[in-house]
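S.K.: I have a structure here, written as structure tokens, and I will follow up with some questions on it.
Quick note: the coordinates plus some simple rules give every number you see, no bench work behind them. This is a predicted model, so every value here is computed, not measured.
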Amino acid sequence: MDFLTLFAIYVVVVLTAIILVCKYSGQQQSPFNYIFDATSKLLAPLTPQWLKQCFQWTSHRFFHQRSNMFIYLHILLEAAVYAEFTYEVFGFCVEMGTSLISLSVPYILLAVKTLFFYICIKSDPGTVTKKKLSSQLSMYPYDKRLFHPGIFCPTCHLIKPARSKHCSVCDRCVQRFDHHCIWVNNCIGASNIRYFLLYLFSVCAMAADIAILSSHMLLEAALRSGLVWAIYLDEHDQQQTAGPLFVIQQLFLAFPRIVFMLGFVVFVFLLLAGYVLFHLFLMIINQTSNEWYRNRGYACQHCQPNATADHSCNTPSHTSKRNYYSRGIFRNLREVFFPRKMGGKKST
């Protein structure tokens with residue numbers, strides 16, 4: 001099996017895993033969701049019934065019930081990346097003269113990430129309870145569009161505060177509900193959204209730093225070996241100058257584990273960087289993921305009755321309704337990182 005075939009299989013496996021996670025991680029209208037649904041419909045006639053039942057059971061067990069599987073998977077993947085980085089990349093970088101301060105950054109970021117990861121797992125996202133209900137009801141006004149007064153949760157048997165939602169996985173209503181994260185096996189809400197964002201930032205920084213150090217090590221290895229200026233004979237016995245693809249293939253043959261690790265952390269960085277930018281956008285406009293997706297499917301009363309879910313309306317009332325809870329960039333950011341205390345003054 002040649003390099004291109006092996007790398008293509010690797011890319012397909014990684015992308016499939018990403019699509020499955022995005023499909024079942026609470027992001028109901030993501031592009032991956034549409035891709036997955038279209039692919040499922042295409043392959044449905046060719047899929048055996050026993051395989052469909054097995055897949056349904058697996059998806060329900062791991063994506064629609066509380067499970068620590070993704071926490072263990074997270075730790076396993078992280079341990080594999082750091083083991084490879086420490087075993088091979090660290091030693092090469094020391095030989096190349098990379099400072100120990102630069103090489104210590106990934107381990108510092110790992111400690112920071114582990115702290116926020118643990119807090120996300122253990123923290124209360126802002127569970128709506130009978131004892132706290134009075135103060136939770138006063139935290140946000142009802143916009144009478146997405147959230148209406150007097151709505152009872154049939155499961156919790158409590159009035160639903162504005163911006164709250166009942167999580168079917170955790171079986172509880174959560175104040176300022178954002179989404180349920182399978183990687184921390186917990187909901188993300190008013191009380192722990194800041195820790196979740198700091199966790200995302202630290203994972204992105206960690207993946208980026210490992211990718212930079214690993215790329216630097218591979219580039220230095222190619223330069224020191226003269227691989228960049230190499231000349232080889234092709235299948236027609238003609239001399240060819242080494243191009244990028246030839247260099248990458250030779251590096252893969254010499255350092256296969258490092259190349260695979262680099263590919264993985266780059267995928268992780270690109271995926272999480274997009275997710276971080278999305279949450280930064282939501283912080284700036286003071287919306288949750290739940291509110292943003294619900295807004296996409298909302299038909300404005302000023303729009304035509306047959307308007308599609310993606311129809312955009314620029315009427316002032318519609319725009320103000322969509323950003324009902326926005327109080328300016330700095331106040332919006334302060335609300336995320338310094339959430340209001342229970343019983344605090346109701347916003348107007």
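S.K.: What residues qualify as long-range amide H neighbours of CYS173, i.e. H under 5 Å apart, gap of 5 or more or another chain, H built at 1.01 Å from N?
M.R.: Result for CYS173 returns VAL128, CYS167.
S.K.: With θ set to phi - 60°, apply the Karplus curve 6.51 cos²θ - 1.76 cosθ + 1.60 along the stretch 282-296 and write out the HN-Hα couplings as whole Hz, x wherever there is a Gly or Pro.
M.R.: Per-residue couplings from phi come out as 5, 4, 5, 9, 6, 10, 9, 4, 4, 5, 5, 5, 5, 5, 5 Hz.
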